């Protein structure tokens, strides 16, 4: 492969060029602003050995339209496809993920679906037992579903634990103290008398020491 001296290539760049085509250190080809050219960039040249440049951004390539799916081969298949689309539009797990993939509701819906699947498999096993059919494979399927359900339940508990806040931690006490001092300074700045300020904070301190206040705060955090 023919190599070119970098300094020579830089001298061959047209005066009106603003972008230069390079291969970066990761092997990715891209247009780079001349002033942003890096030492690790490998300048690309045309068949004449001249650097490939541009006077303006080449822009994004036009979007290629997604071809429409082929029509169903039979009316029966078409009806089946329509039923599938309708079922998917009602699927609670799919709806929860589309609405908000990060929502705790996703795991909740997964748990419900797994429980329904487990119940359905349990019915299959009962029917197999009633008909004298071997149930070992059905039982194995249900065990796997129950295991998945248990794993999902544990993840759900972890979500709730992540939402909770340790109000007994030193960090929380520092934050609470800072807020209290800020509020106290605001009262003084607003013209409250020192005895009024002390009276208010005395009542706040008494309320915070009550176990009911702590319990109510924990419940509100969990519901947030």
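Coordinate-derived values only; no laboratory data. Values in this document were obtained by computation on a predicted structure and should not be read as measured data. Cβ: placed from backbone, ideal geometry, glycine included. Neighbour counts: every protein chain shown.
With neighbours defined as other Cβ atoms within 10 Å of a residue's Cβ, the residues 151, 105 order from fewest to most as 151, 105.
For segment 6-54, the square roots a ≥ b ≥ c of the C-alpha gyration tensor eigenvalues yield an a/c of 1.5 or more together with a/b exceeding b/c, which makes the shape prolate.
Take the Cα of residue 189, step 7 Å toward its Cβ, do the same at residue 25, and the gap between the two points is 4.8 nm. Based on DSSP H segments of at least four residues, each scored -39500 (n - 2.57), the chain has a per-residue ellipticity at 222 nm of -19500 deg cm²/dmol.
A full extension of the chain between residue 17 and residue 144 corresponds to an added length of 39.4 nm, given 0.36 nm per residue minus the alpha carbon distance. Label-to-label distance, residue 205 versus residue 5, with points set 7 angstrom from Cα along the beta-carbon direction: 8.2 nm. When each of the peptides 25-31, 136-142 is scored by the mean number of other C-beta atoms lying within 10 Å of its residues, the order from highest to lowest reads 136-142, 25-31. At full extension, residue 94 and residue 174 could sit 24.6 nm farther apart than now, given 0.36 nm per residue minus the alpha carbon distance.
Does the chain come out rounded, prolate or oblate by the C-alpha gyration tensor, with a ≥ b ≥ c the root eigenvalues, rounded set by a/c under 1.5 and, if not, prolate when a/b is larger than b/c and oblate if not? Taking the square roots of the gyration eigenvalues as a ≥ b ≥ c, the chain is oblate. For segment 86-163, the Cα gyration tensor yields ellipsoid semi-axes of 30, 16, 7 Å (square root of five times each eigenvalue, largest first, whole Å).
Hey, what D do you get for segment 165-210 in µm²/s if you plug the Kirkwood alpha-carbon radius into Stokes-Einstein at 25 °C and 0.890 mPa s? Estimated diffusion coefficient is 213 µm²/s.
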